[in-house]
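J.: Before anything else, here's the structure in question.
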Amino acid sequence: HDLILDALINRDKAGWNELPRRIVKKYGGDVTTKGLTNKEPLPNYLAPLAEKVYNDFLISQMPNHMLINGYSAGDGIMPHTDGPSYHPEVVCLNLGSSRVLSFWKDQQAVRNNEYLARIYCEPRSVVMFSDVFYKEHLHGVEYVTEENLSNDESDPETFINNWTHISIPLGCTPTKIPLTATRYSITIRHATPCSCE
């Protein structure tokens, strides 16, 4: 965890792109509507991570692409799908700060605050999702400066589905956790190579 984070932030400083509400960099090539182009090998410090994900999670395709997102407090990414150029299995490694990864059935569900799931992603935690959750349902990180968490299923805006698996002491519910540090996520997946190359 610390070695990867140090490499991303301090040693491998090139390649970061500043978007309106997050920073991002990619490894493995460019993903287009036609598939993966400008293919390049993963850097030495990330290639073993791809192999470990492939072996430990028994996914069907060796990861060949990684996207790193950095979210400061108040930043996020709107509900979205990742498109058809990726194999529908993804593993996200969470580093730095904790954040909630939310899932919705569709845009109408987003407007109605109807969550399919809310997963509290702690540092060093891993989230995998696939098939319909990856291809059809939306996922995103909401633009908040604190996370409101509870195990109260009647309160969809605070309920988190992995309440019994989180490690930090939360005490009484609901719990508000201020966001002070940057959360980094490494999205690990297989992009279908473009037949044009």
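The values are calculated or read from the model by the stated rules, or taken from the named source; none is laboratory data. Source: prediction; values computed, not measured. In this analysis, Cβ positions are derived from the backbone assuming ideal geometry, glycine residues included, and neighbour counts consider all displayed protein chains.
J.: Would you check if GLU114 is of a type outside the set (Lys, Arg), closer than 30 Å to LEU3 by Cβ and either touching a strand residue (DSSP E or B) at 6+ places or on another chain (Cβ under 6 Å) or without any contact (Cβ under 8 Å) to a residue 60 or more places away in the chain (or both)?
T.: Numbers: of a type outside the set (Lys, Arg): yes; closer than 30 Å to LEU3 by Cβ: no; either touching a strand residue (DSSP E or B) at 6+ places or on another chain (Cβ under 6 Å) or without any contact (Cβ under 8 Å) to a residue 60 or more places away in the chain (or both): yes.
It is false that GLU114 is of a type outside the set (Lys, Arg), closer than 30 Å to LEU3 by Cβ and either touching a strand residue (DSSP E or B) at 6+ places or on another chain (Cβ under 6 Å) or without any contact (Cβ under 8 Å) to a residue 60 or more places away in the chain (or both).
J.: While we're looking at this one, here's another question. Any idea which of THR182, THR187, THR173, THR158 is at pLDDT 95 or above and either touching a His at 6+ places or on another chain (Cβ under 9 Å) or β-branched (Val, Ile, Thr) (or both)?
T.: THR187
J.: A further question follows. Going by the conditions given, is PRO63 part of a loop (DSSP other than H, G, I, E, B) and either of a type in the set (Ser, Thr, Tyr) or surrounded by fewer than 18 Cβ atoms within 10 Å (Cβ to Cβ) (or both)?
T.: no
J.: Between a residue in region 120-131 that is in contact (Cβ under 8 Å) with a residue 40 or more places away in the chain and more than 13 Å from ARG189 (Cβ to Cβ) and any residue that is assigned to a strand (DSSP E or B) and of a type in the set (D, E, K, R), which pairs come within a Cβ distance under 6 Å, given they are 6 or more apart or on different chains?
T.: Matching pairs, first to second residue: CYS121/ARG99.
J.: Sticking with this structure for a sec: Could you figure out which of (1) more than 25 Å from GLU142 (Cβ to Cβ); (2) surrounded by 15 or more Cβ atoms within 10 Å (Cβ to Cβ); (3) in contact with a Phe, Trp or Tyr (Cβ under 8 Å, 6 or more places away or on another chain) isn't true of GLU40?
T.: Checking GLU40 against (1) more than 25 Å from GLU142 (Cβ to Cβ); (2) surrounded by 15 or more Cβ atoms within 10 Å (Cβ to Cβ); (3) in contact with a Phe, Trp or Tyr (Cβ under 8 Å, 6 or more places away or on another chain), the one that fails is (2).
J.: Right, next: Write out, first by first residue and then by second, each pair whose Cβ atoms fall under 7 Å of each other, whose residues are 6+ apart or on separate chains, and whose first residue, in region 1-21, is at pLDDT 80 or above while the second is surrounded by 15 or more Cβ atoms within 10 Å (Cβ to Cβ) and assigned to a loop (DSSP other than H, G, I, E, B).
T.: From region 1-21, the pairs are ARG21/ASP75; ARG21/GLY76.
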